[in-house]
Amino acid sequence: MTRSHMLSGVALVLLAATSVPYAVISRPQHRPAAPGAAGACPAHGTASEPGGVCTIFAPGTPEDYIQRFQARFSNEIAFSVAGRWTQTATNSSTGGNGTPITLTYGFVPDGVLAVPDGYVAPGVTSIENKLFVTMDAKFGSTAAWQNLLRDIFAEWSALTGVALVEETADDGATWVISPGVLGVRADIRIVCIDEDGPNGVLAFNYYPNFGDMALDAAENWANSANDYRFLRNVVMHELGHGIGLAHVLPRDGTKLMEAFLALGYTGPQDDDIRGAGFSYGDPHEGNNTAGAAADLGAFASGTSFDDMALHSGGDVDWYSVSASAGTPIIARLLPSGSVYAVGPDPGSPTTIDTRAIHRLRLQVYDQDGLTLLSTHTANVAGEGVFNPPVAVPAGDTGLLLRVSTPGGADDIQRYQLTLLDPANAPRALSLGSTPEGGVVCGMTPADASGRASALTPFSLTYGNGQQVTVTAPQTFGASSFARWRLDGAAQPAGQTSLTVTMSADRVAVAEYVPALSVNAGADRVIVPGESVQLNAVASNGTPPYEYAWTPTAGLSSATIANPVAAPSQTTAYTVAVTDALGHVGIDTVVVSVAPSLSVDAGPDRAALAGQAVSLFVNVSGGEPPYTYDWSPPLSQPGAIMQVFTARVSQTTEFRLTVTDAGGRVASDHVTVQVMPPLTANAGPDVTIGPGERVDLVADVQGGLPPYSLGWRAGSGPTESQAQVFTVSPARTTTYTLTVGDASGQHAQDTIVVSVGTPFSATASAVPASIPRGGKSRLLAVASGGQHPYTYEWTPTAGLSAPTAAATDARPGETTTYRVAVTDAAGRTAESAVELVVDSDTLVSPGLVGAAGLCGFGGFLSLPAGLLGLGLARRVRSRR
C-alpha cells in the first residue's frame with residue numbers, strides 16, 4: 001500500500017474522481033492530499049448516506065461488462081466518502097486515524113428486504129435475500145458456512161485494530177442505509193442475491209459508514225480448494241471495502257484489493273494490511289503509553305511478533321516483557337514489507353518499498369517506564385535496529401520497550417519485533433561507498449528483514465557468525481569499481497564480491513574511481529530472420545580502443561565497434577572496451593528475438609441489427625506498442641484490454657491490420673453476422689380428453705444455434721428440455737416454452753392444452769319401428785372431443801346420407817345401424833341403434849306423399865280416425 005491507499009486522507013482510492021470504474025461515488029468533496037499522496041482524497045461523509053459501493057469481478061470479465069454493471073448504481077448513492085467508520089453500533093464516536101473500533105456483522109435471514117431506489121439498480125426498491133437457502137444447499141448445513149465466515153472475519157481482526165463481532169439479531173430493516181444497533185441489527189449485514197449468474201460480478205460491498213455486503217447466489221461458494229480460498233478471498237476483499245479500502249493497480253494478482261479476484265494466496269497482503277492499519281492501527285493498538293503497554297508475556301529468546309505497526313509518524317507503541325532481575329534481553333526491530341508497484345484504480349502505479357517508510361527507533365525502559373536504559377535509531381528508513389543486551393534492573397520483573405520514529409510522512413510502517421538473548425545476538429553490517437553514496441549492492445543471503453539489496457549507506461542485520469557475500473556493481477555513474485575496504489582494510493583490487501563472516505559488527509565500503517564510459521546503445525527487438533547492427537560508443541578514455549563482444553554467436557564480428565547481430569534467441573551482448581591506458585569500460589545491449597507478429601481478431605460474432613458487439617483482439621509477437629487499423633473503421637481499444645466495439649445493420653466482415661513499433665504488419669478478419677430475432681412457437685392450442693396424451697412440438701426460428709429449450713406447466717419448474725414434450729394433464733393447463741440461443745437471446749410462447757369431457761356418441765331412430773317400405777330418421781349426437789366431427793354409418797344400404805349426422809333409412813328388414821364419429825383430433829366414438837321393420841304392415845307407395853309417412857300431406861284435412869281406418873283397409877286389401 002502507498003500512503004494513498006486509504007479512502008480518507010489518502011489519494012490512492014480516488015473515489016471522488018469524475019470517472020470511478022469500481023467505486024461509484026457522486027458529489028465529491030475534495031481536500032488536499034497528505035504529503036506524498038498522489039491525487040486528491042474525498043472528504044469525510046455524514047452518517048446519513050452510504051459511502052458508495054465497490055465490486056469484485058471474476059478474472060477475465062470484459063471491461064465493457066464491468067462498465068455496464070457500475071452504471072446500474074444511481075449517481076445519488078452518496079454525497080462523499082469517509083475513509084474510516086466515524087460511528088458504529090458499538091462506538092458512538094470512533095476518533096481519528098489509528099484508533100481501533102468495533103464493528104458488528106450479521107447474517108440476514110432470508111426474505112424480501114427494502115432498498116432505496118438506485119442503491120442496487122435504477123428502479124429497484126427491494127431485493128430477495130436467499131443467504132440461508134443458498135449457503136445451506138451448498139454447504140449442507142448452516143453451521144458449516146457460518147463458522148467459515150466467522151473464521152474469515154476473525155482473520156481481518158487479527159491483522160488490524162478492527163474488532164469484528166457477530167450480531168445475531170436482524171430486524172429486516174431497509175438494506176444498505178440502516179445503521180447498526182446493538183441487539184437489533186449489525187453494522188455489516190450480509191445477504192445473498194441473484195446477480196448475474198456464475199462469474200462476472202462475484203460480490204459487492206458498500207463503504208463506511210455503511211458496510212453491507214451482497215454475495216452472488218450463483219457462485220461456487222462451497223469450492224473447498226485451498227481451504228475455501230475462493231470464498232475467503234472474495235469475502236475478505238469485500239470486507240476490505242467495508243472498512244474503507246478501495247481498488248488498486250496493477251491488476252497483477254498480488255494484492256487482495258485488486259478489482260479482479262486472485263487465488264495465488266489467501267487473505268490480505270502487505271498493501272491491504274497497511275491500508276487497514278493506517279486507519280485503525282494494528283491488533284495491539286491502544287498501547288500508546290507506558291501504562292497501556294501491550295503484554296508480550298515471559299521472555300523467551302527467539303520469540304517473534306508480527307503484524308505490528310506504527311500507523312503514522314506520530315504513533316508510539318509500548319510493550320512489556322516479563323523476566324527475572326538480571327536477565328539480559330536484546331530486542332530487534334525489522335521493518336516489514338517489500339518492494340512492489342501500487343497505484344489508484346484507475347490511475348498509474350508507482351513502485352514503493354514499504355520497509356522504508358520511517359526510521360525505526362527502539363528504546364528500552366525499566367518496568368515503570370521512568371528510566372531509559374537504551375536507545376537506538378535507524379540511520380535511514382528501511383534499516384533494522386536492535387539494542388545491545390540490557391539486563392532487567394534489580395527489583396524489577398521485566399522491561400518496557402518503546403517503538404517510535406523520529407517523525408516523517410503521515411504513513412504506516414509495519415515491523416516485526418523479536419526478543420533474543422546474548423547467545424543469539426544480531427550483528428550489523430554497515431555498507432558504504434566512496435566517493436559518494438547511492439550505490440546499490442546485492443547481498444547473499446538476504447538479511448533478517450528479507451532485503452537482498454541495499455542503497456549505500458545502509459545497515460543490514462544478520463545472525464551472529466552468519467556468512468554473507470556482498471557484491472558491488474562494476475560501474476557507478478561515471479566511476480568504475482576499484483576495491484572493497486572491510487573494517488578499513490583494503491581488499492584485492494577489482495573483486496566486486498566480498499565475503500564477510502558476521503562474528504561482530506562489520507563495516508564494508510566500496511571504492512570507486514573515474515571510469516571509461518561505454519554505451520552499447522538501446523536494447524533492440526528483432527523477429528526470426530531479421531538482423532540488427534550494434535554500435536558501441538566509448539568516451540572519457542584515451543584512443544585507440546579495442547572492442548571485445550561476448551558472446552560471439554550471431555555476430556558478424558566480435559572485435560569491431562558496430563557488428564551486425566542476428567541471434568537465434570534473445571541474447572545479451574556485452575562489449576568490453578579497453579583504451580590506450582588500459583582502462584576498461586563495459587556495457588550490455590539485449591537483442592530480443594520476439595515471436596513473429598501475429599494478430600487474432602477473435603471468432604466470428606453474431607448480433608441483432610444495430611446491437612453493439614465487443615470484438616476481443618489478441619496481438620502477440622513483434623515489438624509493442626501496436627497501432628490498429630480497422631476496415632471498416634472501429635473505435636480504438638480501451639486502456640486495459642484490446643477491445644473494439646462494432647455495430648452493424650447487415651452482416652459485415654471487418655479486417656484488422658496491426659503495425660508494431662518496428663513497422664511490422666499482420667492482419668486478420670472477423671465477421672459480425674446479423675441474425676434474425678429469436679422466435680419460439682409452441683403451436684396452436686389443443687383439446688384432449690381425460691387421460692389422453694398430446695405431443696407439444698417447439699418450433700424455433702431465428703437467433704443463433706445451438707438452442708436451449710425449456711417447457712414448464714403454469715408457473716412451475718422446467719419439466720423438459722426436449723423439442724417434443726409429451727403431456728397428459730389432468731385439467732386444462734397452460735404450458736410455457738422458453739428458448740435461448742448461443743447469442744444470449746431468449747423467446748417465449750404458450751400453448752393451452754384443454755381437457756374436455758369424455759368423447760361419446762349416441763345413435764337414435766325416429767321412429768324406432770316402421771312398416772315395411774317405410775322410412776325412419778337416424779340421428780347421431782356426439783359430445784366431448786374436439787370439433788368438427790365426421791360421421792360414418794354402417795351398413796350404408798338404404799341410407800340417404802351415410803356420412804351425415806342425420807340420415808333417412810329405408811331398410812327392407814329389421815336392421816342394426818352403427819355410427820362411428822371421429823373428432824378433429826382423430827378420436828373415434830361409436831354407437832348403434834336397431835330399426836325395427838314390421839313385416840305385417842305395408843305402406844302403399846301411393847299413400848306416401850311428399851309430406852311424410854302415410855300421406856299425411858295428402859290427407860291432412862281428414863279426421864285422424866278416418867285416416868287410420870282407410871290406411872288399415874288399404875293395407876289389408878293389398879294383402
The stretch 432-459, residues that are assigned to a loop (DSSP other than H, G, I, E, B), under 40 Å from the mean Cα position of the chain (by Cα) and of a type in the set (A, V, I, L, M): A446, A448, A452
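What's the total number of residues in the stretch 401-430 that are of a type in the set (A, V, I, L, M, F, W, C), more than 28 Å from V507 (Cα to Cα) and surrounded by 23 or more Cβ atoms within 10 Å (Cβ to Cβ)?
Step one: of the stretch 401-430, the residues of a type in the set (A, V, I, L, M, F, W, C) are 401, 403, 409, 412, 417, 419-420, 423, 425, 428-429.
Of the ones still in play, those that are also more than 28 Å from V507 (Cα to Cα) are 409, 412.
In the following step, the residues that additionally are surrounded by 23 or more Cβ atoms within 10 Å (Cβ to Cβ) were identified as 412.
Matching residues across the stretch 401-430 total 1.
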If we scan the stretch 138-156, do we find a residue that is surrounded by 15 or more Cβ atoms within 10 Å (Cβ to Cβ) and in contact with a Ser or Thr (Cβ under 6 Å, 6 or more places away or on another chain)? no
Please find, within the stretch 316-328, the residue that is surrounded by the fewest Cβ atoms within 10 Å (Cβ to Cβ) out of those that are over 44 Å from the mean Cα position of the chain (by Cα) and of a type in the set (A, V, I, L, M, F, W, C). A325
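Just to check your reading of the model, which residue among L202, L164 is hydrophobic (A, V, I, L, M, F, W, C), under 14 Å from T88 (Cβ atoms) and not in a helix (DSSP H, G or I)? Before you say what the answer is, go through the steps one by one.
On the way: L202 fails: under 14 Å from T88 (Cβ atoms).
Exactly one of L202, L164 is hydrophobic (A, V, I, L, M, F, W, C), under 14 Å from T88 (Cβ atoms) and not in a helix (DSSP H, G or I), namely L164.
Identify, from the list P595, P567, P625, the residue that is outside any strand (DSSP E or B) and surrounded by 18 or more Cβ atoms within 10 Å (Cβ to Cβ).
Numbers: P595 fails: surrounded by 18 or more Cβ atoms within 10 Å (Cβ to Cβ); P625 fails: surrounded by 18 or more Cβ atoms within 10 Å (Cβ to Cβ).
Exactly one residue qualifies, and that residue is P567.
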Would you pick out the residues in the stretch 329-358 that are farther than 20 Å from S304 by Cα and either crowded, with 21+ Cβ neighbours inside 10 Å or assigned by TED's automatic domain parsing to the domain that holds L245 (or both)? V342, G343, P344, D345, I352, I357, H358
If I filter the stretch 666-678 for residues that are over 30 Å from G621 (Cβ atoms), within 47 Å of the chain's Cα centre (by Cα) and in a strand (DSSP E or B), do I get at least one hit? yes
Matching residues in the stretch 585-631 (more than 28 Å from the chain's Cα centre (by Cα) and either within 30 Å of G494 (Cα to Cα) or not charged (D, E, K, R) (or both)) number 25
Filter the stretch 513-545 down to residues that are in contact (Cβ under 8 Å) with a residue 60 or more places away in the chain, crowded, with 16+ Cβ neighbours inside 10 Å and part of a strand (DSSP E or B), then give me how many there are. 5
Cross-chain or 6+ apart pairs with Cβ under 6 Å, the stretch 752-768 first and within 17 Å of L779 (Cα to Cα), then loosely packed, with under 15 Cβ neighbours inside 10 Å and among the charged types (D, E, K, R): V766/R777
Just one listed residue, out of S776, S715, S769, is in contact with a Ser or Thr (Cβ under 9 Å, 6 or more places away or on another chain), of a type in the set (S, T, Y) and loosely packed, with under 12 Cβ neighbours inside 10 Å, and it is S715
Quick check on this structure: which one of V766, V700 is within 30 Å of T651 (Cα to Cα) and outside the structural domain of T651 (by TED's automatic domain parsing)? V700
Being assigned by TED's automatic domain parsing to the domain that holds G689, of a type in the set (D, E), within 30 Å of D699 (Cα to Cα) and in contact (Cβ under 8 Å) with a residue 24 or more places away in the chain: is that true of D823 here? no
Scan (1) more than 24 Å from A186 (Cβ to Cβ); (2) in contact (Cβ under 8 Å) with a residue 40 or more places away in the chain for the single condition G297 breaks and write down its number. (2)
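The values are calculated or read from the model by the stated rules, or taken from the named source; none is laboratory data. Remember, predicted model here, so these are calculated numbers, not experimental data. Virtual Cβ from ideal backbone geometry, glycine too; neighbours counted across all protein chains shown.
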